[in-house]
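Written below as structure tokens is the structure these notes are about.
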Amino acid sequence: MNLLRHHHILFVFWTLIMIISPKPFSHAGEAQDLLAQAYTAYQQNQWASAKAPLEHAIQLYPNYAEAHHLLGLVWTHLQQPEQAIAALKHAVNAYPSFAQAYMDLGFVLQDQGQFEAAEQAFRQASTLYPNYLESWTALAALFDQQQQATKAIDAHRKVLELDPHQADSLYGLAFWFVQQGQIEQAQPYVEQLMAQNPKHINGWLMTGSLAQYTNQTEKAIKAYQQVVALQHKLVDPYFNLGILYQQQKQYTEAAEAFENVLRLDQGNPEAHINLGVVYTALAKLKPAEEQYQAALSLNPRLSEAHYNLGLLYEFHHNAPEKALEYYKEYVKLGGQDERVTKLLKRVGS
């Protein structure tokens, strides 16, 4: 569960206990001791052991906000979200200015898919304390999850007003501007992100993507190289490097990149096709043929694989009949290369 990002348990002052309960003063110390006992168990991850003293404390003082709050956290760890929500609602009803209880309530509601209610809880916390950074980061993450671009942008901007170095919001703003096609607006946020977080993998991926979009090939290559240096189990940066190296006619480097793609994802037909093209450029004809055949074994309807095999047999193996077989399949699958269609007409196929 993605819950309980923060759970500051603040013990209630004697005066607050007396205000929220008409019970005799003598019970206040007992209730506080029960809360302290439960909190000790909670800190030791003994969730079940924390529950009984909290319930006893609440019996003594039904409006004991801190006890309800901690009980909500305990129920969450016990994977009982309905009870957790009920306890946390008791906490905020007993103490309407309890911002952290609103936050924890919002996290539980979010994990239960109750997104509107979660938003209301987070907003209540930010209303109580307008500069409460955690409430704005929670709202930004919620809107990211819900793909609500306008709200997400507003929330990320508020986060950066409060803390200009928040990496998630620098990336979040860049992401949403890219999604909206506002590349120029995205760029400064990416640059600031990478200046402050040189090991931010998603930041390097976005840097490479933006560089590709603006035809800055060398910058894109360097960005993807940074990604694979930091994390060599991601397919996309290797695939993008393969394409970029291929465009630059750096076929040895392109082959290595596509080989890495297939090391991680053997069932990637596009990588097989591209590796076949690169091997052909390197005059590795047998391995090229094997790559095209591997692509077709994964998806027999890949017109590009049929087309490339046709080229291979026509121009490199001097096997025109075999080339025609693949060209026919290529055209059947919608291929429209004018030279090939004319060739097939000329031979009566």
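Considering Cα pairs under 8 angstrom that are at least six residues apart, work out the relative contact order of the stretch 98-224 and quote it in whole percent.
For the stretch 98-224, the relative contact order is 13 percent.
Any idea how far the Cα center of the stretch 168-182 sits from the one of the stretch 95-130, in Å?
Each part's Cα centre sits 25 Å from the other's.
Grab the beta carbon distance between Glu116 and Glu55, set R0 = 41 Å, and tell me the FRET efficiency rounded to 0.05.
Working: r = 30 Å, r/R0 = 0.74.
The pair Glu116/Glu55 has a calculated efficiency of 0.85.
Hey, got the dipole for the chain? About the Cα centre, +1 on K and R Cβ, -1 on D and E Cβ, debye to the nearest 20? Let's see the in-between values first.
Working: 24 positive and 33 negative charges, 136 e Å.
For this selection, approximately 660 debye.
Which residues' amide hydrogens lie under 5 Å from the amide hydrogen of Leu282, considering only partners 5 or more residues apart or on another chain, with H built in the peptide plane?
none
Mind sorting out which of [x] 73, 43, 40; [y] 62, 45, 40; [z] 103, 38, 33 is the real Cα extents along the principal axes in Å computed from the coordinates?
Of the labelled values, this structure produces [z].
Can you tell me the FRET efficiency between Lys332 and Gln146 if r is taken as the Cβ-Cβ distance and R0 is 45 Å, rounded to the nearest 0.05?
Given R0 = 45 Å and the Cβ-Cβ separation, E is 0.55.
Report, in deg cm²/dmol and to the nearest 500, the calculated mean residue ellipticity at 222 nm for the chain, where each DSSP H run with n ≥ 4 adds -39500 (n - 2.57) and the sum is divided by the residue count.
The helix-only estimate for the chain comes to -23500 deg cm²/dmol at 222 nm.
Label-point separation (nm) for His232 and His317, each offset 7 Å from Cα along Cα-to-Cβ?
Those two pseudo-labels are separated by 3.4 nm.
For the stretch 305-349, rounded, prolate or oblate, judged on the Cα gyration tensor with a ≥ b ≥ c (square roots of eigenvalues), a/c < 1.5 rounded, else prolate if a/b > b/c?
Because a/c hits 1.5 or more and a/b fails to exceed b/c, the stretch 305-349 counts as oblate.
Explain nothing, just the number: relative contact order of the stretch 177-309, from Cα pairs under 8 Å at least 6 residues apart, as a whole percent.
Here the relative contact order equals 13 percent.
Would you tally the net charge around Val159, using a Cβ to Cβ cut-off of less than 11 Å, leaving Val159 out, and scoring K and R as +1, D and E as -1?
Every neighbour counted, the sum reads -3.
Tell me, what is the percent relative contact order of the stretch 258-340, built from C-alpha pairs under 8 Å that lie six or more residues apart?
Relative contact order of the stretch 258-340: 21 percent.
FYI, it's all coordinate maths here, none of it is from the lab. These numbers come from a predicted model, not from an experiment. Ideal geometry is used to build each Cβ from the backbone, glycine not excepted, and the neighbour counts take in all protein chains shown.
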